[in-house]
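**Q** So that we are looking at the same thing, I have put the structure below in structure tokens.
Just so it is clear, none of the values below were taken in a lab; they were calculated from the coordinates. What you are looking at is a predicted structure, and each value in this text was computed from that prediction instead of being measured. In this analysis, Cβ positions are derived from the backbone assuming ideal geometry, glycine residues included, and neighbour counts consider all displayed protein chains.
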Amino acid sequence: MSFEKAFRSLMTTTIRVSTRAGHTNYGAPTWAATASTFAARVVDKPGFVRNDQGEDVAYRSVAWLASTGGSLVVDNRYTLPDGTSPPVVMIERYPDDRGAHHVKLFFGY
């Protein structure tokens, strides 16, 4: 069994991702009518990460997505398997020996 098959076998759930389409006249975000789905592993693991401004930000769960993630950005709406769409507080991209490999998302409260 190759690493890729073993890695993907850990991703037993699906996350839906909708891109931000714009905003209403009142500033509320609007989302694209279609969504992409990604194989993922979601783990409830509260903790803190440091954001771009150097502040500690709390997160409640972490998800690893089977994607190279160029289109995965903080402004997207991520719907978890339980139906919630918590805010993303950080995105990390991990390479392997062949380039981009997977994406790790930290979801806030």
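**Q** Got a sec to turn the phi values of segment 11-23 into Karplus ³J(HN,Hα) couplings, 6.51 cos²θ - 1.76 cosθ + 1.60 with θ = phi - 60°, whole Hz, x for Gly and Pro?
**A** So the Karplus estimates, Gly and Pro as x, are 8, 9, 10, 10, 10, 9, 10, 10, 7, 6, 9, x, 8 Hz.
**Q** What residues of segment 71-109 lie in the reach of a label at Ser36, counting those whose backbone N is under 14 Å from a point 7 Å from the Cα along Cα→Cβ?
**A** 71-79, 101-104
**Q** How big is the convex hull of the Cα atoms of segment 1-54, per residue, in Å³?
**A** Normalising the Cα hull of segment 1-54 by residue number yields 169 Å³.
**Q** Could you work out the helix-only [θ] at 222 nm for the chain, with each DSSP H run of four or more residues adding -39,500 (n - 2.57) and the total divided by the number of residues, to the nearest 500 deg cm²/dmol?
**A** Roughly -1500 deg cm²/dmol at 222 nm, from the helical runs in the chain.
**Q** Could you pull out every residue, at least 5 positions away or on a different chain, whose amide H is within less than 5 Å of the one on Gly108? Hs are placed 1.01 Å off N in the peptide plane, and Pro or chain starts have none.
**A** Amide H to amide H, under 5 Å and 5 or more residues apart or across chains, Gly108 pairs with Arg60, Val88, Val89.
**Q** Skipping prolines and chain starts, which residues have an amide H placed within reach, meaning under 5 Å, of the one on His102, given they are 5 or more residues away or on another chain?
**A** Those lying under 5 Å, H to H, from His102 are Tyr94.
**Q** Something else about it: Could you estimate the translational diffusion coefficient of segment 1-105 from the Stokes-Einstein equation, with Rh from the Kirkwood formula over C-alpha pairs, at 20 °C and 1.002 mPa s, in whole µm²/s?
**A** Rounded, D is 143 µm²/s.
**Q** Oh, and also: For a quick check, take a GNM of the chain with Cα springs below 10 Å and name the residue from Val89, Val57, Val73 with the largest mean-square fluctuation.
**A** Sorting by GNM fluctuation, first place goes to Val57.
**Q** So, one more: Between Arg60 and Ala100, how many nm apart are label points set 7 Å from Cα along the C-beta direction?
**A** Distance between label points: 2.9 nm.
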